[in-house]
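Notes follow the structure.
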2 protein chains.
Amino acid sequence: MLISELSERADVSIATIKYYIREGLLPKGTSTSPTRAEYGEQHLQRLRLIRALVDVGALPLAGVRAILNAVDDDSVNLHYLLGTAAYALEPRPERPVGDPEWDRAERTTDELLAEFGWKVTEHAPARLKLTRTLATLDRLGWHIDPGLLRAYADSAARIVRHEFGTVDFDRPRAEVVEYAVAMTVLMENAMTALHRLAQEDMSGRVLDTAGQAPDAPHV
Amino acid sequence: MLISELSERADVSIATIKYYIREGLLPKGTSTSPTRAEYGEQHLQRLRLIRALVDVGALPLAGVRAILNAVDDDSVNLHYLLGTAAYALEPRPERPVGDPEWDRAERTTDELLAEFGWKVTEHAPARLKLTRTLATLDRLGWHIDPGLLRAYADSAARIVRHEFGTVDFDRPRAEVVEYAVAMTVLMENAMTALHRLAQEDMSGRVLDTAGQAPDAPHV
DNA sequence: CAAAACTGGAGAGTAGTACTATCCAAGGAA
DNA sequence: TTCCTTGGATAGTACTACTCTCCAGTTTTG
């Protein structure tokens, strides 16, 4: 197909497709004449994946590029690829030194990981993210209930067992790899959405709502 | 305290503090002379909350402003405030018409909400977010296992019960309100971080990792 | 008491991200 | 043959979140 058809089928403007090609997110079409190039189904699928990661996953293009490079590199195994996705999802926060809140948060994180027997690398972005969140809450004067944290971790473990149960590792690598990336990025969205829905339901049950509708934003 | 002390204690540059005041995120200090103004502890706390929402919660400043306006408005009850926070967290996605994937996803969302008995408004951003995520996965050719979705929802319900258990509704309103906002925004971070940590652990157990370390980004 | 440093306030300038628009000459379709 | 589309390149735009510079008045310091 020509670029115009690709543009229409993926619902992405030609200018944007050209931009993605320039930026190395999408491979070039195969030239058939000096002013014509042919695009295939794989271009369409890739374009849809990019849009999904950008629109739904809210990833910066640099992150998308990092993930796609790893996806395309056959020497990268799946565990490592998931790691790459995790890195792309989060800019690496640097660890402040001599910060009492950070040190306390780090201890809490380490204890939790030990308690659940989770083996993750020292520099896993998610580990730093958790630590930073706990340190920030501490700095704001709120100390998180350890039981709540354990409930989160317990839920995470349960969910991940479910997720891995749905992966068919016998399918072609490219397919498994794209599925894994979509799982990591998109289902995280679904999870936070469900969290907020449960919160809205619970807050409606617990709190007085008489006279105020919660369906109009207060901006 | 003067602006320089506020800047130092909150670890935010004077220029940025001035910018926040201009943008209406932070109230002015009380002027003591034409070139001097006094800032109090509440300025410091507010500044820390802004930084937490921006840095850890990755909220845009417009979203932070919307939340803070609702926090400061005593006529806004807690249920409504949580709704405001939810709106600030997500730009309202518009609903495409005549899109088969979207319609299927919407049906899945509605069924799930009905099954769990969650009462949420029609236009809840989280509801649209979930629908959009499911529609996107559908468009990419992956159909989510209903059991997995139910596992997510189940975890969300369990977590929210825990969260509401830790809130002391008898404390002063300002305190409860800030706690609720922090809960919504920051603990979501903690949740996704734990999800990724559980994923890394599981992927290390299930997949071959020989010869490759997952702790260096593939960029 | 004079020089240096700091203050609040205002406006302009900057860096990064993600496009979007314009131009061009060569090909193809009506 | 006339018009439209194409690939390729370059420049421009919109938005966000600061950051810088300037100013005149005010403290602080030597």
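The values are calculated or read from the model by the stated rules, or taken from the named source; none is laboratory data. For clarity, every value in this text was computed on a predicted model and none was experimentally measured. As a convention, Cβ positions derive from the backbone with ideal geometry for all residues, glycine included, and neighbour counts pool all protein chains shown. Note: accessible area is taken over every heavy atom of the protein model, side chains too, but ligands, DNA and RNA are not part of it. Shrake-Rupley method; radii C 1.70, N 1.55, O 1.52, S 1.80 Å.
Tabulated results
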{"read-out": "Subset of segment B:158-196 [more than 17 Å from the chain's Cα centre (by Cα), at pLDDT 85 or above and of a type in the set (Gly, Ala, Ser)]", "value": "B:GLY165"}
{"read-out": "B:ARG65 in contact with a Lys or Arg (Cβ under 7 Å, 6 or more places away or on another chain), outside the structural domain of B:LEU148 (by TED's automatic domain parsing), open to solvent by 30 Å² or more (accessible area, probe 1.4 Å) and not small (Gly, Ala, Ser)", "value": "no"}
{"read-out": "B:LEU47 vs. criteria modelled with pLDDT of 95 or more, within 12 Å of DNA strand D (Cβ to nearest atom) and touching a Leu at 6+ places or on another chain (Cβ under 9 Å)", "value": "yes"}
{"read-out": "Qualifying residue in segment B:166-178 (condition: outside any loop (DSSP other than H, G, I, E, B), surrounded by 18 or more Cβ atoms within 10 Å (Cβ to Cβ), in contact (Cβ under 8 Å) with a residue 24 or more places away in the chain and within 7 Å of chain A (Cβ to nearest Cβ))", "value": "no"}
{"read-out": "Options B:ALA85, B:ALA15, B:ALA58; residue that is within 9 Å of DNA strand D (Cβ to nearest atom), out of contact with any strand residue (DSSP E or B) (no Cβ under 8 Å at 6 or more places or on another chain) and assigned to a helix (DSSP H, G or I)", "value": "B:ALA15"}
{"read-out": "Test: residue in segment A:19-29 that is away from DNA strand D (no atom under 15 Å from the Cβ), open to solvent by less than 80 Å² (accessible area, probe 1.4 Å) and part of a helix (DSSP H, G or I)", "value": "no"}
{"read-out": "Cross-chain or 6+ apart pairs with Cβ under 9 Å, segment A:38-54 first and open to solvent by less than 10 Å² (accessible area, probe 1.4 Å), then in a helix (DSSP H, G or I) and basic (Lys, Arg)", "value": "A:LEU44/A:ARG9; A:LEU47/A:ARG9; A:ALA52/B:ARG139"}
